[in-house]
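Heads up: the structure comes next, in structure tokens.
Bear in mind that the values in this text are calculations on the coordinates, not laboratory data. On a predicted model such as this, the values are computed, not experimentally measured, just so you know. Cβ sites come from the backbone with ideal geometry, for glycine too, and all protein chains shown count toward neighbours.
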Amino acid sequence: MANEKITSFDQLISTVKNKERKRLAIASAEGEAIIAAVKQAIEKNLISAVLIGDQVKIEELCRKKRLDLNKVEMVNVPDSKLAAMVAVETVKQGKAEMLMKGKVGTSTLLKAVLDKENGLRTGGLLSHVSVIEVEAYHKLMLVTDGGMNIKPDVKQKADILKNAVDVAKKLGIEKPKVSCLAAVELVNPDMQETVDAAGLVKMAERGDIKDVIIDGPIAFDVAISPEAARLKGMISPVAGDTDIFLVPDIASGNIFVKSLIYLVGAKAGGVVVGAGAPIVLLSRSDSAQSKLYSMALGAMIS
Ligand code: COD
């Protein structure tokens, strides 16, 4: 049965509340903002949690933030590299359905996830998907990959896209509209993303990328606005109605998402997908709301 289509974070949260609660393993949970976010997510019935890290510090923070110690499980692993490995192992053993980065560095956690023997590899590419809600747009925007793959080639972009399609489906978008973003709508060999975009459209045409309505190269104005498409004389099946915005590289994706958050107050959540379980990678500057949305997103797709 197709999932109900999610069009806002409020709807996402109420949907997750009504699902079976998923367990989150947190690597180095000894951070004030982390404990505050976990408390909020537990109180909203979104998740349950295994807090892995320095137990003395975690307990102290739980008391400070009034998170009932009976409501969480704890594993004492003060060393952060080891905590990352234990958190990964917890997921691997099926004792948690998703993973979250606490005070451990992003690359330490990702390296533990990518470990050939003990990690959570599934054979596919891991990639980051941001989900954005802005007042000015009529649906959720999925932006990928502004968080993990630095300069993906066309083959990696195809995998990044397939991962995002999986996320879209979990959000009830059965055949997402995809814009392969560039600065222009014509293929220009000096702009690699335009060449890659044309390649991806061809791959979808041949069935190598399934269940998408795709166009590219396409500029952001056309992807987001039917009026811009009309003024440019562009006829595109995705114009003004894009679900997945495939960006050229990590820098453009990261700048794009952060612009929306800081300039127009976008609501945002993000996860790394493609591993054995979703990975919530919160940044220190993420708002409490964004942290909650990312956890809800992880729970929704796990
Ligand atoms: N998916 C699957 N396997 C991968 C991936 C991936 N995305 N990336 C690397 N691997 C595998 C490789 O095939 C190899 O077997 C092994 O992992 C190591 O590969 P390296 O040496 O290329 O990778 P690392 O360990 O140097 O770096 C991987 C990172 C994810 C740490 C790196 O790509 C990175 O730093 N990305 C940016 C993360 C970041 O800073 N984000 C900022 C916003 S939070």
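So if R0 is 25 Å, what FRET efficiency would residue 191 and residue 107 give, r being the distance between their Cβ atoms, rounded to the nearest 0.05? Show your work: numbers first, answer last.
On the way: r = 29 Å, r/R0 = 1.18.
Approximately 0.25, to the nearest 0.05.
Stokes-Einstein at 10 °C, 1.306 mPa s, Kirkwood radius from Cα pairs: D for region 258-302 in µm² s⁻¹?
Values: Rh = 10.9 Å.
Translational diffusion coefficient: 145 µm²/s.
In the P(r) worked out for the chain, what percent of Cα pairs fall beyond 32 Å?
The answer is 26 percent, as a whole percent.
Cut-off 11 Å, label point 7 angstrom out along Cα-to-Cβ of residue 81: give me the residues of region 106-145 whose amide nitrogen falls inside.
Flagged as within label range: 108.
If region 127-264 were replaced by its equivalent ellipsoid, with semi-axes equal to the square roots of 5 times the Cα gyration tensor eigenvalues, what would those be, largest first, whole Å?
Details: eigenvalues 69, 63, 51 Å².
Values for region 127-264, descending: 19, 18, 16 Å.
Place a label point 7 angstrom from the Cα of residue 56 along the Cα-to-Cβ direction, then list the residues of region 79-95 whose backbone nitrogen is under 17 Å away.
The answer is 79-80, whose backbone nitrogens lie closer than 17 Å to the label point.
Run the reach check for residue 57 against lysines, Cα to Cα strictly under 28 Å, same-chain hits fewer than 8 apart removed. What comes back?
Candidates past the 8-residue exclusion: 22, 39, 44, 65, 71, 81, 92, 95, 101, 103, 111, 291.
Starting from the Cα of residue 154, step 7 Å along the direction of its Cβ; do the same at residue 174; then give the gap between the two resulting points in nm.
In this crude spin-label approximation the distance works out to 3.1 nm.
Reachable aspartates and glutamates from residue 169, Cα under 12 Å, same-chain residues fewer than 8 places away excluded?
Candidates past the 8-residue exclusion: 4, 211, 243.
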